[in-house]
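As structure tokens, the structure follows; a few thoughts come after it.
The values are calculated or read from the model by the stated rules, or taken from the named source; none is laboratory data. Fair warning: this is a prediction, and the values are worked out from it, not measured in the lab. Neighbour counts run over all protein chains shown; Cβ positions are idealised from the backbone, glycine included. Keep in mind that these areas ignore ligands, DNA and RNA; they rest on the heavy atoms of the full protein, side chains included. Shrake-Rupley method; radii C 1.70, N 1.55, O 1.52, S 1.80 Å.
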2 protein chains.
Amino acid sequence: MYPEALRLLIEEFERLPGIGKKSAVRLAFHVMNMSDEKAERFVGAVENARAKVHLCPVCQNLTDGELCPVCASEKRDRSVICVTEGPKDIVAMEKTHEYNGLYHCLHGVISPMDNIGPEDIKLKELLSRLNEDVKEVILATNLTVEGEATAMYIAKLIKPLGVKATRIAHGIPVGGDIEFADEVTLARAIEGRREL
Amino acid sequence: MYPEALRLLIEEFERLPGIGKKSAVRLAFHVMNMSDEKAERFVGAVENARAKVHLCPVCQNLTDGELCPVCASEKRDRSVICVTEGPKDIVAMEKTHEYNGLYHCLHGVISPMDNIGPEDIKLKELLSRLNEDVKEVILATNLTVEGEATAMYIAKLIKPLGVKATRIAHGIPVGGDIEFADEVTLARAIEGRREL
């Protein structure tokens, strides 16, 4: 019942992740009612991001420069590489201001159920970076079956090369109640206990 | 921490209604990872809808033709005009296949609190349509304070012109439990009772 052009726009919004029929209609109407200036800015942002953003040839993180700011920086410790599943994890890590090493973005995890093997993630690119300068690889994949398996897989691959493989700690979050922690987290917290 | 172009795209998505920070990041990544073909289709749909869709000069509903399909149709009863707040209400009405008259889309309601007066909605356009053919105007604004007030306002304006003003019925929805109906709806249902 909507005009054809509007119906097609609603369909496009419906295809986006997490957008249902109602939200798609609302978004389409919003975009229809935008001023020309705002609509151009919106479309321009989509085209600009798609044109300029690409993968850093070293760490595979997203960047709009030749190298990403981390790989290009002379202040970062080049003896450690922190391996993450995606670019969002790197943003989260950087926000802590606690880590000064390099990163490597896998863009996924090994998941045989989804037909994703080691050759489908940026693993070759990680291995090619392991020169004599690299002393440690921190495996910061998520604590899921696939994240754990991918971390184990990578650890097995790189240990023979004389590079230390470590895993980020899992346990009770800061401010979290032990009383309400789920069993898996609590088991990890006990397993990973440290002497005071 | 995201590349500038990606950050700007995330910001654009955040400006859309009902999209929070997390959804905006997810949408931006989705758009970044689209194939060229899909991205062109998305951007094209935005531009096409904005270029082609405009208001029907008669009923003010959205259309991509000269007149909207309802106003252009020779099969519609031109003696009744159903007045709605927005184009979405017209789509809902049409889905019932129960109504065969014309429409008029106000694009809003009178709301002094939001500084929206009678001159800010498509009311002049409605009055200019009230020729001798029009026998009845059905006021189908929502059952809100503003919707009710707008319906009353329009009814007062058109009655002296010899046009019947009616209001859609409010009551218990079909399939709804009287037990769980809110008081306002139930009061309306009693008030609007009909003899069997």
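What the table shows:
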read-out: Highest-fluctuation residue, A:ILE158, A:ILE110, A:ILE178 considered, GNM on chain A with Cα pairs under 10 Å; value: A:ILE178
read-out: Normalised contact order of chain B, rounded percent, pairs of Cα under 8 Å and 6 or more residues apart; value: 13 percent
read-out: Gyration tensor (Cα) of the protein assembly as shown, equivalent ellipsoid semi-axes in angstrom; value: 59, 26, 17
read-out: Within a Gaussian network of chain B (alpha carbon springs, distance under 10 Å), most fluctuating of B:MET113, B:MET152, B:MET34; value: B:MET34
read-out: Restraint check, A:LYS21/B:LYS135; A:LYS52/A:LYS95; A:LYS22/B:LYS159; A:LYS21/B:LYS52; A:LYS38/B:LYS122; A:LYS22/B:LYS22, Cα-Cα greater than 26 Å; value: A:LYS21/B:LYS135; A:LYS22/B:LYS159
read-out: Positive dipole terminus of segment B:47-156, leading residue within B:ILE110, B:CYS82, B:ALA72 (C-beta point charges); value: B:ALA72
read-out: Helix-only CD estimate at 222 nm, as mean residue ellipticity for chain B, using -39500 (n - 2.57) per DSSP H run (n ≥ 4); value: -13000 deg cm²/dmol
read-out: With Cα atoms, 0 to 90° folded angle of helix B:145-158 axis to chain B main axis; value: 50 degrees
read-out: Amide H partners (placed H, <5 Å) of B:HIS104, local residues excluded; value: B:CYS82, B:VAL83, B:THR84
read-out: Computed accessible area, A:ILE10, all protein chains, 1.4 angstrom probe, square angstrom; value: 0 Å²
read-out: Positive dipole terminus of segment A:1-153, leading residue within A:TYR99, A:ALA140, A:LEU8 (C-beta point charges); value: A:LEU8
read-out: Dipole magnitude of segment B:61-196 about its Cα centre (Cβ charges: Lys, Arg +1; Asp, Glu -1), debye to nearest 20; value: 500 debye
read-out: Shortest-first distances to equivalent copies, position A:GLU136, nm, label 7 Å out along Cβ; value: 8.0
read-out: Exposure of B:ASP182 as accessible area (Å², to 10), given a probe of 1.4 Å and all protein chains; value: 80 Å²
read-out: Fraction of antiparallel bridges per DSSP, the protein assembly as shown only, in percent to nearest 5; value: 20 percent
read-out: DSSP-defined beta bridges in segment A:65-196 - what % are antiparallel, rounded to 5; value: 5 percent
read-out: Net +/- balance of residues flanking B:ILE168 in space, Cβ distance below 13 Å, scoring K and R +1, D and E -1; value: -3
read-out: Rounded to 5, percent antiparallel among DSSP beta bridges of segment B:1-121; value: 40 percent
read-out: Within segment B:132-151, backbone nitrogen closer than 13 Å to the virtual label 7 Å beyond the Cα of B:ILE116 toward Cβ; value: B:141-151
read-out: Nearest-to-axis residue of chain B, judged by beta-carbon position, where the axis maps B onto A, in Å; value: B:VAL43, 3
read-out: A:PHE180-B:ALA155 FRET efficiency (beta carbon distance; Förster radius 41 Å; 0.05 resolution); value: 0.10
read-out: A:ASP120 accessible area, 1.4 Å probe, all protein chains in place, Å² to nearest 10; value: 90 Å²
read-out: Dipole-positive endmost among B:ASN61, B:HIS170, B:LEU126 within chain B (Cβ charges, Cα centre); value: B:LEU126
read-out: Shielding by partners - mean other protein chain Cβ count within 10 Å, residues of B:85-91; value: 3
read-out: Cα centre as origin, Lys/Arg/Asp/Glu Cβ charges: segment B:119-196 dipole, Debye; value: 420 debye
read-out: Simple Cβ-charge dipole of the protein assembly as shown, Lys/Arg +1 and Asp/Glu -1, about Cα centre, in debye nearest 20; value: 160 debye
read-out: Sparsely packed trypsin sites (Lys or Arg not before Pro) within segment B:11-103, loop by DSSP, other Cβ within 10 Å at most 16; value: B:LYS75, B:ARG76
read-out: For residues of A:27-34, the mean tally of beta carbons on other chains within 10 Å; value: 5
read-out: Residue mean of other protein chain beta carbons inside 10 Å, B:6-14; value: 5
read-out: For chain B, built as a Gaussian network whose Cα springs stay under 10 Å, the top-fluctuating residue of B:GLU47, B:GLU66, B:GLU146; value: B:GLU47
read-out: Loss of accessible area when A meets B, both sides summed, Å² nearest 100, probe 1.4 Å; value: 4300 Å²
